[in-house]
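Just below is one structure, and these are the notes that go with it.
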Amino acid sequence: MRVNHESLAHDILRSRIGQLLINEAIREKKFKIPVHLAMGHEAIAVAAANAREPGDQFLLSHRNIHYQFAFGAQVRQLYDEYALLPSGLGEGKLGSMNLSNPKEGIIYTSSVLGNNLPVAAGVALGLQVKGAGTVTTVVTGDGAMEEGSFYETLLMLRSQNSSCIILVENNEWSLATQIAERRCPIDVGSIAKGFDIPYAELSGNNVPQYIDVLTGLRKEVLAKKCPAVVEIKLKSLGDWIMKTPDRPEGKYINYHAGLAPNAALNEWPEMREDNWDPVHVLGQGANAGALKDWAKAQAAKMRGELA
Ligand SMILES: Cc1ncc(C[n+]2csc(CCOP(=O)(O)OP(=O)(O)O)c2C)c(N)n1
Ligand SMILES: [Mg+2]
């Protein structure tokens, strides 16, 4: 596939701007349901959307807004869905945590942690029996890896020779707890090695590189008839201090669901000045000036769509 760098950059910016606008709506209490933002997670979603081939199937989890934007959803469609209106992407019936979009290949999304993994194994097996020649991708988190279904699904996929890519978005958090507070480290690469399946680790938010890796793995899982695991090291952006009666001094968290209280849509929607922020990475490129102009115009356009 020929990669158009400008269009990838636009996809990242559209996702970030859209999420910041949804964040404003959360702040204004426009939605009755929780919405999990995924600022800082955009690069893998844009890469997955651009590495897919017709007929590929995607299964998502509670945190899925970045895939919705990357797979073409408009901010108005998402806003309306979260407001549970018939004009929403899921006709107001799915909300945020179960939002699928079958027309774009997002066939299943579950708020039950670890649940989408065995479902993906079934989908991959079904496609294989039909000789579809397509790949199933399932997205999970480092918290969801604590579910037994993660390991059972690897075993099932490997045993059934199924072509499936498991994307593990590793943000080092689960709810309001850091993974290090919860459990021992899990070396995903060693787990994959134990099952004798391909593994790749991605970090740095270089979207063309992410696409290369996903495209290569897509071919490999089809040729070898096996699953693969991709661990994406990333940071959820929009951190804040949570004050509770038993902790009046506050506890540092990155947000889990709902409002990112300190995040605001600025002219350039960067949230962190290092490579953990995919928007910062874009701002370091040769065409940063043009992208900054584009982002400004795009923010006005998308704000207008919500007016
Ligand atoms: C079976 C199950 N147990 C608990 C929860 C509550 N829950 C929702 S999100 C979450 C943490 C998820 O962490 P991770 O998979 O790392 O995703 P992240 O939110 O960090 O992207 C938990 C425990 C749930 N949804 N399902
Ligand atoms: Mg996590």
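Given labels modelled 7 Å from the Cα in the Cβ direction, how far is it in nm from Glu28 to Thr177?
3.7 nm
Expressed in whole Å with the largest first, what are the equivalent ellipsoid semi-axes of the range 145-287 derived from the C-alpha gyration tensor as the square root of 5 times each eigenvalue? Don't jump to the answer; show the numbers that get you there.
On the way: eigenvalues 209, 106, 21 Å².
Each semi-axis is √(5λ); the values are 32, 23, 10 Å.
Can you tell which of Leu175, Met302, Tyr255 lies farthest toward the positive end of the dipole of the chain, using +1 and -1 charges on the Cβ of basic and acidic side chains (Lys, Arg; Asp, Glu)?
So the residue we want is Met302.
Would you compute, for the Cα atoms of the range 5-306, the largest minus smallest coordinate along each principal axis and list the three values in descending order, in whole Å?
49, 46, 42
With +1 on the Cβ of every Lys and Arg and -1 on the Cβ of every Asp and Glu, and nothing else charged, how large is the dipole of the range 237-300 about its Cα centre, in debye rounded to the nearest 20?
160 debye
Counting other C-beta atoms within 10 Å, which of Thr177, Thr137, Thr215 has the fewest, and how do the rest follow? Please list the in-between numbers first.
Numbers: Thr177 14, Thr137 29, Thr215 17.
Ordered from fewest to most neighbouring Cβ atoms within 10 Å, Thr177, Thr137, Thr215 come out as Thr177, Thr215, Thr137.
Write down Rg/Rh for the range 101-154, rounded to two decimals, with Rg from the C-alpha atoms and Rh from the Kirkwood relation over Cα pairs.
Checking Rg against Rh, the ratio lands at 0.99.
Using the Kirkwood radius over C-alpha pairs as Rh, can you work out the diffusion coefficient of the range 1-121 via Stokes-Einstein at 25 °C, viscosity 0.890 mPa s, in µm² per second?
Here the translational diffusion coefficient equals 169 µm²/s.
When only DSSP loop residues count, what trypsin sites (Lys or Arg not before Pro) in the range 225-307 have their Cβ near at most 16 other Cβ atoms within 10 Å?
Filter output for the range 225-307: Lys225, Arg272.
Could you tell me which helices of the chain pass both thresholds, a Cα extent of 20 Å or more along their own axis and a mean Kyte-Doolittle hydropathy of at least -1.0, with helices taken as whole DSSP H runs? Mind showing how you got there, number by number?
Details: long enough: 5-27 (33 Å, -0.11); 207-224 (25 Å, 0.19); 288-306 (27 Å, -0.43).
Membrane-span-like by this rule: 5-27, 207-224, 288-306.
Rounded to the nearest 500 deg cm²/dmol, what is the calculated helix-only ellipticity per residue at 222 nm for the chain, with -39500 (n - 2.57) per DSSP H run of length n ≥ 4?
-12500 deg cm²/dmol
Check cross-link reach from Lys219 to the lysines: straight Cα distance under 25 Å, and skip same-chain residues fewer than eight apart.
Once the sequence-local lysines are set aside, what remains near Lys219 is Lys103, Lys130, Lys193, Lys233.
What are the semi-axes of the equivalent ellipsoid for the range 94-196, taken as the square roots of 5 times the Cα gyration tensor eigenvalues, largest first, in whole Å?
Each semi-axis is the square root of five times an eigenvalue, giving 24, 19, 9 Å.
Given a cut-off of under 8 Å on Cα pairs at least six residues apart, what relative contact order in percent is computed for the chain?
It rounds to 21 percent for the chain.
We did not get these values from a lab; they are worked out from the coordinates using the rules stated. From a predicted model like this one, the values you see are computed outputs, not experimental measurements. Note: ideal-geometry Cβ built from the backbone for every residue, glycine included; neighbour counts use all protein chains shown.
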